[in-house]
Amino acid sequence: MLKKWKICIVLLTMISLISGCFGERSELAPLKDGKGKIRVVYKSEDAFYQDYGNFFKMMSPDIDVEVISQEEMFGGADKEESFDWNEEKKKLLDKYKPDVLFLNESMFETFAQEGRLYDIEPAISQDQYKLDGFMPGLIDRLRAKGNGKLYGLTPSFETNVIYYNRNLFKKYQIEPPNGKMTWKELLDLAERFASVESGKKQVFGLYQTKGPASLMYDIAAASGLKLVDEKSSKLLIDSDGWKEAMKMTADAVRNHAAYAPPPMKEGEQLDGYDDSDFEKHRDYLKQYSRSNELFYIGQAAMTIQAPWFASFLRDIPYYSKTPEIDWGIAAAPVNPAKPDESAYVKLSEIYAISADSPNKRAAWEFVKFVNGPEMAQVAGKAMNDTLPTRSDYFKDFRGRETDAFYLLKPMQASGVSDKKSIPAGFHSEFDVLLSDVLKSLIDQEKTLDEAVAELQLKGQEMLDRSREKAKQDQ
């Protein structure tokens, strides 16, 4: 009798294991007759087919795709003044209920935590879809947004790197920047250029394109600082970390280690360009050239920019009288406590599947394809605003190695400003105050303690007003 019981237990165990395996394999059932249909919300139908649709149709001709243009978000006469991108996008998604969701990082995190997304981990296991080709730390970052679960994948990313003028470093016999420098080390390096020239030929070590406040925010981001405490709703500008970021910014600008120009005035004319010859590039040049002029004319040794800047440096000699410069790249500054991580990685196009989708298998086929090696290879050849997250497909850009873009892992949680704790409208008011206070600190009209105290007091008042207004608007 005991022997029979043992046999039964063994049989039951085997049945359990077998059914478990079958359950895993049938996580997503095959497409019926190989055919399927999905609905996608994208920038526009033309943009969808240009970016992905034509390629996907070639690979999966039996899966039909219905594209909903998100241009519908911008309709209505009164939207411009109070437009909230995430809120309008959410309304559009709720209206059309697409199978595949195209989300920025903040929406991805919100949707994941609200249970609106499908956990793709079992499907990845079922299809033996390889994740080891993605850049280090990417999957960890995505899992962190889903409280440990993987709800989506992203084919591209942005990250800031240091662009430097090789000729200037050679001319003044200064060692160029290397990967994993701290902000202090970078600004110390930049300060070595402060005394090499003067007057109109002044050479700046670091060219910051958006003013001192932007430089301070970048320094703070590397240390993982938050501007507002989510629980207490208290402004944190009087903390030691923010004080250090303010001091480093003011010292660097005052000592000519860094140059942070005022915003370009409306109607200001660019120098050195003949717009009539290159009409189609007018907007492109006006948006970027003035803000980076000192770098490409040889009066700034370094600047910190996103991937688009590499394409800009490649193209600018064709649209101006400025000759091409010999430039290199190095990884962006890091937090010395976490020297392998970058605070400047942005994920703006995460593909996920709706938890309520009746077409999960077809949707997964699309998400797999968009994030697969074939599309990464195409993206690696284009090199525009973003980079492929599969790092094997972008090794070279016009003879320059691209390791600096992939050297650092993305921080699992980054960003000075958290939308959960900072109401809309706060930054537009606070940043004006911040710019004024930083100027007084740079000009030594205020001490560091006085500057911080003013920001904390007035900034907290602004934060409270903005939060109260947000409540009234709901």
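The values are calculated or read from the model by the stated rules, or taken from the named source; none is laboratory data. Remember, predicted model here, so these are calculated numbers, not experimental data. Because the Cβ atoms are built from the backbone with ideal geometry, glycine has one as well, and the counts that use them run over all protein chains shown. To get the accessible areas, we keep the full protein, side chains included, count just its heavy atoms, and leave off ligands, DNA and RNA. Shrake-Rupley method; radii C 1.70, N 1.55, O 1.52, S 1.80 Å.
Going by what's in this entry, would Leu186 be described as touching a residue at least 60 places away in the same chain (Cβ under 8 Å), over 30 Å from Phe369 (Cβ atoms) and open to solvent by less than 10 Å² (accessible area, probe 1.4 Å)? So Leu186 passes the test. Return a yes/no flag: does segment 355-378 have any residue that is closer than 21 Å to Met216 by Cα and open to solvent by 10 Å² or more (accessible area, probe 1.4 Å). There is no residue in segment 355-378 that is closer than 21 Å to Met216 by Cα and open to solvent by 10 Å² or more (accessible area, probe 1.4 Å). Those helices (runs of 4 or more DSSP H) of segment 209-309 in which at least 2 residues are at pLDDT below 95 and open to solvent by less than 40 Å² (accessible area, probe 1.4 Å), considering only elements entirely within it, cover 212-222, 293-296.
Scanning segment 111-121 for residues that are within 22 Å of the chain's Cα centre (by Cα) and open to solvent by 40 Å² or more (accessible area, probe 1.4 Å) returns a single hit, Gln113. Taken over segment 135-160, the criterion of being buried (at least 21 other Cβ atoms within 10 Å of the Cβ), at pLDDT below 95 and in a strand (DSSP E or B) is satisfied by Ser156, Phe157. Selection of segment 310-346 for residues being over 19 Å from Gly399 (Cβ atoms), assigned to a loop (DSSP other than H, G, I, E, B) and open to solvent by 10 Å² or more (accessible area, probe 1.4 Å) yields Ser320, Lys321, Thr322, Pro336, Ala337, Pro339, Asp340, Ala343, Tyr344. Within segment 97-110, restricting attention to residues that are closer than 25 Å to Leu31 by Cβ and open to solvent by less than 50 Å² (accessible area, probe 1.4 Å), which residue is nearest to the chain's Cα centre (by Cα)? Step by step, filter segment 97-110, then rank; the result is Leu103. In the set (1) surrounded by 11 or more Cβ atoms within 10 Å (Cβ to Cβ); (2) at pLDDT 90 or above; (3) not small (Gly, Ala, Ser), the condition left unmet by Asp94 is number (1). Within segment 413-432, the only residue that satisfies the criterion of being open to solvent by 20 Å² or more (accessible area, probe 1.4 Å), modelled with pLDDT under 90, among the hydrophobic types (A, V, I, L, M, F, W, C) and over 16 Å from the mean Cα position of the chain (by Cα) is Ala424.
If you go through segment 122-134 and keep only what is surrounded by 17 or more Cβ atoms within 10 Å (Cβ to Cβ) and part of a helix (DSSP H, G or I), you end up with Ala123, Ile124.
Of the helices (runs of 4 or more DSSP H) contained entirely in segment 347-412, those carrying at least 2 residues that are under 13 Å from Thr159 (Cα atoms), within 17 Å of the chain's Cα centre (by Cα) and aromatic (Phe, Trp, Tyr) fall at 403-406. Cβ-Cβ contacts under 6 Å between residues 6 or more apart (or on different chains), taken from a first residue in segment 206-228 that is among the basic types (Lys, Arg) to a second residue that is open to solvent by 30 Å² or more (accessible area, probe 1.4 Å), are absent.
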